[in-house]
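First up is the structure itself, then whatever we jot down about it.
The values are calculated or read from the model by the stated rules, or taken from the named source; none is laboratory data. Everything numeric in this text was worked out from a predicted model, so none of it was measured. Note that each Cβ is placed from the backbone with ideal geometry, even for glycine, and that neighbours are counted across all protein chains shown.
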Amino acid sequence: MKRLLLRKNSVGCETGHLDGSTQLTSRPQCGLSDRTEPVIEPMQWVEMAVDHGFGCFDQMTLAQQLYGWFSSLTELPELRNGMKSFCIVLLLVFAVLQPLSAQKLLIPMDDTQNDHLRAYGVTYWILDKTGTDVEWLLNFRGGAFLAEDLPEIREHAKTAGVTMEAVAAAQIDQIYSVIEEENMERVLLEKAPKVAVYSPDYTEPWDDAVTLVLTYARIPFEKFYDKEVLTGEISKYDWIHLHHEDFTGQFGKFYGSFRMADWYRKQVTRAQLDAQKFGFKKVSELKLAVARGIKKFVLEGGFLFAMCSAVDSLDIALAANGVDIIAREIDGDDIDPLAQSKLNFEESLAFKDFKLITDPMIYEFSDIDMSNNYMGDAGTFRLFDFAAKVDPIPTMLTQNHRNVIDGFFGQTTAFRKSLLKPYVVVMGENNDGVSVKYIRADYGKGFFSFYGGHDPADISHIVGEGPTRLDLHKNNPGYRLILNNILFPAAKKKERKT
């Protein structure tokens with residue numbers, strides 16, 4: 001144990017002598033505000049144990065104590081002649097404190113956190129702007145983050161309304177000890193991923209939960225669309241998101257309900273013009289090329305996160321692989337009568353053996369989805385509890401302050417469990433016993449994660465409804481799952497499998 005000797009006056013610290021076997025358990029009341037005599041007894045000493053940042057002292061508190069003591073002493077004429085020596089001692093004190101202090105900032109993610117969603121944004125900002133790493137403490141206090149104690153981090157967190165706690169080195173050692181003994185793990189986050197969202201350059205009559213939460217959390221992102229996929233420009237991103245999209249060329253299966261709506265007609269026209277611009281005869285051909293480009297992005301090491309109809313329409317387009325599965329009302333020619341038998345499930349990412357729903361009047365792509373047309377109770381889904389030290393990836397993706405989460409609808413609300421490919425890992429399962437809400441898999445050099453439903457804070461978000469105000473849902477556990485996926489690419493890879 002390292003020790004520091006400080007001179008003490010007769011009315012100084014009241015804690016007395018500390019030896020190597022004693023730990024400081026309360027803050028001493030130092031200072032001269034209550035002094036009754038101006039005489040300093042120069043040869044009285046207090047031996048203070050300096051171990052892991054002074055135990056109960058954090059560096060800032062100790063600096064304030066010393067500064068106050070120093071200021072009081074300068075008022076005494078008896079000490080003015082010796083002030084030069086005292087200044088030297090004070091400088092030596094801080095020279096010793098600086099390397100010994102190991103205080104860090106803990107961002108708790110349990111119920112003590114004021115704003116869970118912006119806590120992810122603060123963590124992203126630390127990685128992106130300060131040049132320092134962050135530790136993700138899996139299963140500790142809801143998946144807390146441990147960062148360096150820098151003034152700019154404190155200020156940024158305060159501005160964002162994010163709860164942070166200063167922890168001294170002794171506390172950090174205790175945390176590490178608990179993590180070592182329990183189903184927990186430490187994961188180092190090293191670099192902020194470059195994030196992008198698949199989105200057209202025109203406004204759609206629905207919101208995108210991921211765009212909303214990225215904006216609220218203040219995580220920077222770019223937008224890309226078909227051109228960037230076809231040209232391979234998406235390779236510059238680490239992480240991409242797809243939301244309420246249709247990669248089959250059926251214009252979202254909105255024909256039955258919205259074929260006369262102005263917004264729908266404009267979308268059809270835009271899509272047809274885009275197909276011609278890129279040299280395709282039909283929109284379905286353009287979207288298949290885009291689906292293949294996204295698959296290539298994953299195979300080459302990218303991270304794909306998709307929600308709602310983007311999930312099943314992507315796999316359907318890949319499995320159809322050019323076979324006409326679209327009704328005449330939508331693309332002007334007949335469906336291939338053998339379309340179902342021609343599906344190649346080797347091409348799809350997550351699902352197999354699904355049955356197409358080709359009726360243009362039905363707002364559904366296939367039997368992958370197990371929603372009930374926005375009717376009734378959305379139920380709940382339960383997050384699986386993974387072995388953090390064995391499977392850190394699904395553990396990262398399921399970090400939360402709730403284990404059971406309220407369900408929410410979407411065009412694709414949940415996935416039929418029986419249609420999952422063998423390598424797909426279920427991370428969240430619905431309470432109906434036959435459908436799953438949240439899945440992932442490694443694919444090629446990359447990774448995909450799929451999440452059913454449209455908006456975790458709105459049980460039945462419908463076309464034309466205004467965007468969700470996330471300042472009213474800043475602790476929403478369903479939205480946390482999205483942001484887990486944002487930070488996952490920043491993790492240093494060290495997955496260990498059974």
Check on D262, surrounded by fewer than 21 Cβ atoms within 10 Å (Cβ to Cβ), of a type in the set (D, E, K, R), touching a Lys or Arg at 6+ places or on another chain (Cβ under 8 Å) and on the phi < 0 side of the Ramachandran plot: no
Only one of F70, F140, F145, F54 that is part of a loop (DSSP other than H, G, I, E, B), aromatic (F, W, Y) and modelled with pLDDT of 50 or more: F140
Criterion: closer than 26 Å to G143 by Cα and of a type in the set (F, W, Y) - qualifying residue of F408, F354, F345: F408
The stretch 138-157, residues that are aliphatic (A, V, I, L, M) and within 13 Å of the chain's Cα centre (by Cα): L138, A144
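One line per residue, one yes/no per condition, for (1) outside any helix (DSSP H, G or I); (2) under 14 Å from the mean Cα position of the chain (by Cα):
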residue: Q171; (1), (2): no, no
residue: I175; (1), (2): no, no
residue: A192; (1), (2): yes, yes
residue: D201; (1), (2): yes, no
residue: V210; (1), (2): no, yes
Residue that is assigned to a loop (DSSP other than H, G, I, E, B) and within 20 Å of F221 (Cβ to Cβ), where the choices are V122, V162: V162
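Residue-by-condition table, conditions (1) at pLDDT 95 or above; (2) under 25 Å from G131 (Cβ atoms); (3) of a type outside the set (V, I, T):
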| residue | (1), (2), (3) |
| --- | --- |
| S177 | yes, no, yes |
| V187 | yes, yes, no |
| D207 | no, no, yes |
| V210 | no, no, no |
| L214 | yes, yes, yes |
| K236 | yes, yes, yes |
Test: residue in the stretch 100-115 that is more than 20 Å from L487 (Cβ to Cβ), at pLDDT below 60, in a helix (DSSP H, G or I) and not basic (K, R): yes
Which listed residue, of T123, T130, is hydroxyl-bearing (S, T, Y), farther than 20 Å from K474 by Cβ and either touching a residue at least 24 places away in the same chain (Cβ under 8 Å) or not assigned by TED's automatic domain parsing to the domain that holds V213 (or both): T130
Single match in D208, D238 (criterion: among the acidic types (D, E), in the same structural domain as A387 (by TED's automatic domain parsing) and touching a residue at least 60 places away in the same chain (Cβ under 8 Å)): D238
